[in-house]
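For reference, the structure discussed in these notes is given below.
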Amino acid sequence: MTDLNNRCDELMAIVGPEHIRTGDGDVEQYAVDGMTPKAVVFPKDTQQVSDVVTCANLKSLAVIPFGSGTKMAAGHPPKRLDMVISTARLNRMVDVDTDNLTFTVEAGVKFRDIQARLATEEDRCYLPLEDLETETEAFICSERSHSGCFMPLDPPFATSATIGGILASNSTGPRRLLYGLPRDILTGIRFVTPDGAIVGTGGKTVKNVSGYDFSKLMIGSAGSLGVLCEMTLRLLPLPERMETILVSFDSFKNTSAFVEAILDAQLLPAAVEVMNKRAFEGFKNNKSDFVPGHYAVAVALETYGEAVDRMKLEMLGIAKDFEAEDSIVFSEDGHRLFWHSMGNLQASMADRFPGMITAKLNYQISDWKNIIQFTDDTLSSNLLEYTLLCHAGNGGCTINFLLDGDDTAASERAVSTIGLLLEQTCKANGNLVVQTAPTNLKKDLPLWGKPRFDFPVMERIKNQLDPKGIMSPGCFVGGL
Amino acid sequence: MEKPELIVRLKEIVGSEHVLSSDMDLELYSYDASLDRATPDAVVLPGSTEEVSKVVTLAYKEKIPFIGRGSGTNLTGGTIPIKGGIIIHFSRMNRILEIDIPNRTATVQPGVITLDLQTHVAKLGFIYAPDPASQKVSTLGGNFGENSGGPHCLKYGVTTNHILGAEVVLDDGTVIWTGGKAQNNPGYDLTGLLVGSEGTLVIATKLILKLIRAPEAVKTMLAIYNTIEDGANTVSAIIAEGIIPATLEMMDNKVIQAVEASVHAGYPLDAAAVLIIELDGMPDGMDKKAEKISEICNRHHVREIRLAKTESERAGLWAGRKGAFGAVARLRPSYMCCDGTVPRTRLPEALAKVMEVSKKYDVPIGNVFHAGDGNLHPLIMFDERDEEEKERVLKAGSEILKICADLGGTISGEHGVGIEKLKETRLIFCEQDLEFARQIKKAFDPMDLLNPGKMIPEPETTIKTMEF
Ligand SMILES: Cc1cc2nc3c(=O)[nH]c(=O)nc-3n(C[C@H](O)[C@H](O)[C@H](O)COP(=O)(O)OP(=O)(O)OC[C@H]3O[C@@H](n4cnc5c(N)ncnc54)[C@H](O)[C@@H]3O)c2cc1C
């Protein structure tokens, strides 16, 4: 603490006294797992981030980077925490080059602002713009490129998440089926290392093999290797047509038969998401009188009109073959709203269930049916309430355990079933990550799943790059 | 350890017939497809991961450098043993271990030839997308080492987008797995870091690759131009209109001439440039896309557009592109391929400047390249025996890379750094970037045994002391 006090003058000199907070009321909202930082610093650009980290490194102060805070509940509680570096002022769109289909932004820019910036003149956007505007404060820029492009990512928390946070946590959504993972669309990155150096690699070219690909290392590094400051990503033109088919089934047998059939057909859906009834009921804006059945499957179609028409026709036919309960099609606004609400499920559930635990499972694609059935059996027999969303073609699913926090017995049952789920995903060559959990349960949970063969190498990297252990100390995989 | 003893120990590990150490053998492994030369101390041909691990353990204990080698077709000196040591050649580890259709993966040993896997999975209705022009000879281990690209990478991405996991041998011989059949594992994306690391961080002994359903329909066309600018402008315009074809390949007149003299692809000899444009995916809406592309071509004064109507016509259009490097080799004894890359909007400018370099240094340059990715391949043709000419070629090459860097691009789109572009890394990286790379190298290989002297230049200070 005294170290920090001594350093505060220096920090103030770097960012200006108005951009550092130390008051109790100010720092509390930046607490991580109940641990409150002694200072929150708001650097205005990459150089200031570098100066701040250099300063912290000299005195071995523990630093955690902070975007909008939507994922700060993940990982182990920090071993120590002196300073939070907020990326809130790193909010410039540095280069919007829609002709080259790339754009460069600073880490604190919000995902929705990027999508809004890329909308067409008529405000056709990848996200439901009108809905977003009423939901939260104004967009940081009213300027539009009118290019009709979008950034091909659909992470959860689309309203508030920053691009830096999305990449640092490797946050993905259902439409990765068509568009790939953050690692596939990030072409360049600049970050500040634990010793304060500004390091960059890649850029505006879509191919680049001129050195080690650090960008891959930094994606998903969750603040353990440095502060992401600036990134260049690929864009795509907005699909000519965007529609959603939503079908429901009464049995898992028919659900899975439908899913397998459409994945085996030579069709190119953007997403195939299987959800349980509870998940469907949790979506906001859920105004339709659709009968969700036991399971519903949502298929996103985002491409040329002709291809959308054909897929719709074929898929609805297949749904009929497998005795779908109900089916409905959303287009454009309906489509955007639907996927947006799905992305917000975790956030809205967290508001209602203060004890919520969210687990993200990954496994090899072919095991998706086993995993869902196992989850359903295990969780229902443990009398747990949960929402389940499964990226069927990708080998991933997210489970929100709907716990109010007061029922400790239920929370304990949830904790023990998560252990069982982990065993199951490991058998399927996968793993499990706890994305949110009340701090008091964390010590009993496999927060980063089971360490794998490559852990010793991760340790070597962390120790090499951050020998003093100042970046998000203890929070990452294996307590790195 | 003395060399004879090293040979004995290696023979104990892999069997005496799988160690090469005669002067002639070593000579054969002293070069690759680049312009550099250096002789190794020994060459081993391991048959299994276990043998690789034992060889590496021995090298680690004895502090002997070691280098993985596939087919040696890399263009940047990646397999040249500039500090001597052991070459680990993967020609015997060339089995496809598993094709797992339900999980859409193939597991292979690193010595499998790229095209062999592609032919194998094509029969099952699948593709392995990265298709370097050298696919007939290059190995998947080499593709992993260089993060290779190819014509279809415009739509599908390069090697790194298609490698899900790898079994790798670390500096001390430990064998670990990174990634796996399931995507998105928690922790650092080591697979992503290792692809393209040119054998300087680990040796890969197994790879898990992503398979994709073969597209339902393919449409291939050839657009013929009277000026190279029109061709280049078409490329930028197609991307700017938001169309991403499967491929957008360009060849200029010099290459067209060479190609026609060797493979007779039917390109018009007087054309200034041709573009191969291929669309793939669902047939629905494809005609519309093709029409839009034709429109863009017309806007940029295309002379003629030919559409392949049959599979054999398609193969014909591609034959020229695939045979281009070989054809160019017939014009002059050697060529140097610079693989600088620019943002796609800067392509017309970049090409114009490359042609200025050709004039300035009086060296013939032919262009055959992945235009849609902005990935240039100016082939500077020369005679290696003419030292003075070679000197000019190297200068021209370096200048072209500088042009790319200055246009907001980079010095390599797919061939890597190796030793050939060490100096040029400074065009795009500052000392701090390079220092970070050195730290990564140190984390994996503190004794600098894995392919030493590649990819990362010596710190600037060392260079200065050497100069004094
Ligand atoms: C005519 C011609 C055309 C070409 N066209 C293209 C093209 O279109 N696109 C493209 O990207 N490249 C192209 N290349 C370059 C080259 O073919 C590629 O870089 C290819 O991937 C190299 O494969 P290889 O098996 O020959 O590897 P090598 O040259 O043997 O090795 C390449 C690198 O990988 C490392 N390595 C090899 N095996 C392993 C292993 N098991 N573990 C770890 N490291 C390993 C080596 O140490 C070396 O650094 C071309 C080359 C030629 C000669």
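The values are calculated or read from the model by the stated rules, or taken from the named source; none is laboratory data. It should be emphasised that the depicted structure is a prediction, and the values quoted were computed from it without experimental measurement. Neighbour counts are summed over all protein chains in view; Cβ atoms, including those assigned to glycine, are modelled from backbone coordinates with ideal geometry. Ligands, DNA and RNA are stripped out before the accessible areas are found, and what is left, the full protein with its side chains, is counted by its heavy atoms. Shrake-Rupley method; radii C 1.70, N 1.55, O 1.52, S 1.80 Å.
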* Asked: What is the extension gain from residue B:120 to residue B:458, computed as 0.36 nm multiplied by their sequence separation minus the C-alpha to C-alpha distance, in nm to one decimal?
  -> 117.4 nm
* Multiply the residue gap between residue A:59 and residue A:376 by 0.36 nm, knock off their C-alpha separation, and tell me the result in nm, one decimal place. => 109.1 nm
* Asked: How many nm is it between the label spots at residue B:406 and residue A:453, if each spot is 7 Å from the Cα in line with the beta carbon?
  -> 4.9
* Structure fact -> Per the helix-only model, chain B has a calculated mean residue ellipticity at 222 nm (DSSP H runs of ≥4, -39500 (n - 2.57) each, divided over all residues, rounded to the nearest 500) of -11000 deg cm²/dmol
* **Förster-model FRET efficiency, 30 Å R0, residue A:464 and residue B:36, C-beta, rounded to 0.05** => 0.50
* Asked: Using the Cα gyration tensor of region B:217-326, with a ≥ b ≥ c the square roots of its eigenvalues, what is the shape: rounded (a/c below 1.5), prolate (a/b larger than b/c) or oblate (neither)?
  -> oblate
* Structure fact -> Candidate cut points under GluC sites (Glu not before Pro) in region B:360-397, DSSP loop plus at most 16 other Cβ atoms within 10 Å of their own Cβ, are B:384
* Structure fact -> Probe 1.4 Å, all chains present, heavy atoms only: residue A:391 accessible area in Å², nearest 10, is 20
* Structure fact -> The summed charge of the residue B:162 Cβ neighbourhood (under 13 Å; Lys/Arg +1, Asp/Glu -1) stands at +2
* Structure fact -> With Rg from the Cα atoms and Rh as the Kirkwood inverse mean 1/r over Cα pairs, chain B has an Rg/Rh of 0.97
* Taking a cut-off of 15 Å between Cα atoms, list the aspartates and glutamates near residue B:390, but don't count ones fewer than 8 places away on the same chain. => B:36, B:362, B:399, B:420
* To do: Between residue A:264 and residue A:331, take the C-beta separation as r, use R0 = 25 Å, and let me know the FRET efficiency to the nearest 0.05.
  => 0.50
* Simple label model, 7 Å out from Cα along Cβ direction - residue B:359 to residue A:120, nm -> 4.4
* **Proximal lysines to residue B:3, defined as alpha-carbon separation beneath 23 angstrom and excluding residues fewer than eight positions away on the same chain** => B:11, B:54, B:61, B:63, B:83
* So how far apart, in nm, are the two label points at residue B:387 and residue B:319 if each is 7 Å from Cα heading toward Cβ? -> 4.4
* Asked: Exactly which GluC sites (Glu not before Pro) in region A:241-330 are in a DSSP loop and have at most 16 other Cβ atoms within 10 Å?
  -> A:323
* Asked: What trypsin sites (Lys or Arg not before Pro) in region A:403-473 are in a loop by DSSP, with at most 11 other Cβ atoms within 10 Å of the Cβ?
  -> A:443
* Starting from the Cα-Cα distance between residue B:24 and residue B:137, subtract it from 0.36 nm times their residue separation and give me the gain in nm to one decimal. => 38.4 nm
* To do: Count the net charge of all other residues whose Cβ sits under 9 Å from the Cβ of residue A:206, scoring Lys and Arg as +1 and Asp and Glu as -1.
  => +3
* To do: List, in the order given, every pair from A:110/A:277; A:110/A:369; A:312/B:292; B:292/B:402; A:427/B:155 whose Cα-Cα distance in the structure shown is over 29 Å.
  => A:110/A:277; A:110/A:369; B:292/B:402; A:427/B:155
* To do: Per DSSP H run of at least 4 residues, take -39500 (n - 2.57); add these up for chain A, divide by its residues and hand me the 222 nm value, nearest 500 deg cm²/dmol.
  => -10000 deg cm²/dmol
* Working from Cα positions, state the angle (0 to 90°, nearest 10) between the long axis of helix B:286-299 and the longest principal axis of chain B. => 70
* **Formal net charge of residues neighbouring residue B:257 (Cβ-Cβ distance under 14 Å; K, R +1; D, E -1)** => 0
